[in-house]
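The values are calculated or read from the model by the stated rules, or taken from the named source; none is laboratory data. Because the structure is predicted, anything quoted here is derived from the model rather than measured. We place every Cβ from the backbone using ideal geometry, glycine too, and count neighbours over all the protein chains shown.
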Amino acid sequence: MPDPLLFQLKTLVVETLRLEDITPADIPDDEPLIGGGLSLDSIDALELVVRLEKEYGIKISSSEESRTALASIGSLAAYIREHAAADRLPA
């Protein structure tokens, strides 16, 4: 069974960044988000951080923390599971 948080994050990335011709299923769990196949840049990363903070009630406070969290969808899911309140996570 697919991980609902991974799917939710992939959908959030596609919607937030208005990625055309890319579906959530096209995004691998372990591919680098920044500089990887999606060609995201630092502005995209900032947009994602703002949306993630609103969506999950987390705070990504430093650029190093952001680089770690946004390394891939898998690392982002791990970061959110560690820092978000349980009621903010999909069932």
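Data overview
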| read-out | value |
| --- | --- |
| Unique match (being in a helix (DSSP H, G or I), hydrophobic (A, V, I, L, M, F, W, C), surrounded by 17 or more Cβ atoms within 10 Å (Cβ to Cβ) and under 14 Å from the mean Cα position of the chain (by Cα)) among 12, 38 | 12 |
| Residue within the stretch 52-62 that is modelled with pLDDT under 95, in contact with a Leu (Cβ under 6 Å, 6 or more places away or on another chain) and not charged (D, E, K, R) present | no |
| Meets criteria (loosely packed, with under 13 Cβ neighbours inside 10 Å, assigned to a loop (DSSP other than H, G, I, E, B) and either in contact (Cβ under 8 Å) with a residue 40 or more places away in the chain or under 10 Å from the mean Cα position of the chain (by Cα) (or both)) for residue 71 | no |
